[in-house]
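A.B. asks: Dropping a structure here in structure tokens format, bear with me for questions.
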Amino acid sequence: MTETVSPAVAAPEPGSQDVVYRHKLTTRVTHWINAVCFTLLLMSGLQILNAHPALYWGEFGADGDRAFIEFFASRDGDELVGHTRVGPLTVTTTGLFGVSNGSDGDVRAIAMPSWATLPSFRDLATGRRWHFFFAWVFVINGLIYVGASLINGHLRRDLLPKRDEIKPRHILQDIWNHMRLKLPKGEEAKHYNVLQKGAYLGVTVLMLLMVLTGLTMSPGFNAVVPGLLDLFGGRQSARTIHFICAFLTVAFIVVHLAMVLLAGPINEIRSMITGRYVVPPEDKS
């Protein structure tokens, strides 16, 4: 299976739109399943974090161990103040982390806001059920995507950078183009640029780490594959890495959506639904 431009759209008439078949069916379906899964995993994961909103480094995270990352509340007179601490740095995050409105609208000490958790009220058992179910859907969907990408050549052809693309000069030029919001057009728009390739490969690594660290937190899985505990430095370290990867993936999604808006949301989203992409014409100069 190769992803080629069909003859019907490969050679547009002068003045007509240049339309290419950009995404195969498996890429489109797994993309949208992945989007739904990650959203539900993030929200249910934040519900789980609410049960103990502190992240440690090591095996136990108890006996007076100082948290590496912590979300907490304090009182300033009659007022609740939310805080987020990362290492030695503590910032006030009232209204978002530490203190926010609960599902009933009342201000309360809670690590994650109710609008960001699944369910919106405190319910660890339900959050865990949602998380574990969609974690396996996420894994199966990922395996299908990777398998299809290997078979149809999507990984080799579209995602792996070519030798010329990894030269410092080429990378710096691509960074400079993005800083100027100079998006690719014409023939260049038909292929991923080196920053896109790096971002997609990078987020794939983040998702793999999330899966592995999630499995590391399971005592049952540790009995089968004990080496993961050593690899990640303990169950609490795995939990910390798990959430850091999740937050980094959220950062990737924010940038990804911003680029979709800048590139033309209708054309970009349509290509991920139908597979067909209208190539932006090159500027005439």
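The values are calculated or read from the model by the stated rules, or taken from the named source; none is laboratory data. These numbers were taken from a predicted model, which means no experiment stands behind them. All Cβ positions, glycine included, derive from the backbone under ideal geometry; neighbour counts span all protein chains shown.
A.B. asks: With the requirement that a residue be in a loop (DSSP other than H, G, I, E, B), modelled with pLDDT under 90 and either more than 28 Å from the chain's Cα centre (by Cα) or within 27 Å of residue 130 (Cβ to Cβ) (or both), what does the range 5-56 give you?
C.D. replies: 5, 6, 11, 12, 13, 14, 15, 16, 17, 18
A.B. asks: May I ask you to list the residues in the range 31-46 that are buried (at least 20 other Cβ atoms within 10 Å of the Cβ) and either of a type in the set (Asp, Glu) or more than 19 Å from residue 241 (Cβ to Cβ) (or both)?
C.D. replies: 37, 43
A.B. asks: Another question, then. Can residue 109 be described as outside any helix (DSSP H, G or I), of a type in the set (Gly, Ala, Ser) and touching a residue at least 12 places away in the same chain (Cβ under 8 Å)?
C.D. replies: yes
A.B. asks: Filter the range 192-245 down to residues that are in contact with a helix residue (DSSP H, G or I) (Cβ under 6 Å, 6 or more places away or on another chain) and of a type in the set (S, T, N, Q) and give me whichever is farthest from residue 145 (Cα to Cα).
C.D. replies: 222
A.B. asks: Continuing with this model, one more query. With a cut-off of at least 3 residues that are farther than 26 Å from residue 267 by Cβ and in contact (Cβ under 8 Å) with a residue 40 or more places away in the chain, name the helices (runs of 4 or more DSSP H) lying wholly within the range 114-218.
C.D. replies: 124-152, 194-216
A.B. asks: Would you check if there is a residue in the range 219-236 being touching a residue at least 24 places away in the same chain (Cβ under 8 Å), within 23 Å of the chain's Cα centre (by Cα) and part of a helix (DSSP H, G or I)?
C.D. replies: Yes, there is a match, as at least one residue in the range 219-236 is touching a residue at least 24 places away in the same chain (Cβ under 8 Å), within 23 Å of the chain's Cα centre (by Cα) and part of a helix (DSSP H, G or I).
A.B. asks: Filtering the range 90-106 down to residues that are among the hydroxyl-bearing types (Ser, Thr, Tyr) and assigned to a strand (DSSP E or B), which residue is surrounded by the fewest Cβ atoms within 10 Å (Cβ to Cβ)? Outline the logic, then answer.
C.D. replies: Taking the range 90-106 as the starting set, the residues that turn out to be among the hydroxyl-bearing types (Ser, Thr, Tyr) are 90, 92-94, 100, 103.
Narrowing further to those that are assigned to a strand (DSSP E or B): 90, 92, 100.
Numbers: 90: 12, 92: 15, 100: 22.
Across the range 90-106, the extreme among qualifying residues is 90.
A.B. asks: Looking at the range 215-272, which of the residues that are surrounded by fewer than 16 Cβ atoms within 10 Å (Cβ to Cβ) and among the charged types (D, E, K, R) is modelled with the highest pLDDT?
C.D. replies: The extreme case among them is 270.
A.B. asks: Which members of the range 158-191 meet the condition of being loosely packed, with under 10 Cβ neighbours inside 10 Å, of a type in the set (D, E, K, R) and under 17 Å from residue 261 (Cα atoms)?
C.D. replies: Residue satisfying the conditions is 180 alone.
A.B. asks: List the residue pairs whose Cβ atoms are under 7 Å apart, where the first residue sits in the range 257-274 and is free of Cβ contacts under 8 Å to residues at least 40 places away in the same chain, the second is in a helix (DSSP H, G or I) and crowded, with 16+ Cβ neighbours inside 10 Å, and the two are 6 or more positions apart or on different chains.
C.D. replies: 260/268
A.B. asks: Does any residue of the range 199-210 turn out to be on the phi < 0 side of the Ramachandran plot, modelled with pLDDT under 90 and within 22 Å of the chain's Cα centre (by Cα)?
C.D. replies: Checking the range 199-210: not a single residue is on the phi < 0 side of the Ramachandran plot, modelled with pLDDT under 90 and within 22 Å of the chain's Cα centre (by Cα).
A.B. asks: If you scan the range 144-184, which residues turn out to be touching a His at 6+ places or on another chain (Cβ under 9 Å) and hydrophobic (A, V, I, L, M, F, W, C)?
C.D. replies: 148
A.B. asks: Only one of 77, 102, 98 is at pLDDT below 95 and in contact with a Lys or Arg (Cβ under 6 Å, 6 or more places away or on another chain); which?
C.D. replies: One residue alone meets the criteria, 102.
A.B. asks: Looking at (1) under 20 Å from the mean Cα position of the chain (by Cα); (2) loosely packed, with under 15 Cβ neighbours inside 10 Å, find the lone condition where residue 117 falls short.
C.D. replies: With respect to (1) under 20 Å from the mean Cα position of the chain (by Cα); (2) loosely packed, with under 15 Cβ neighbours inside 10 Å, residue 117 is out only on (2).
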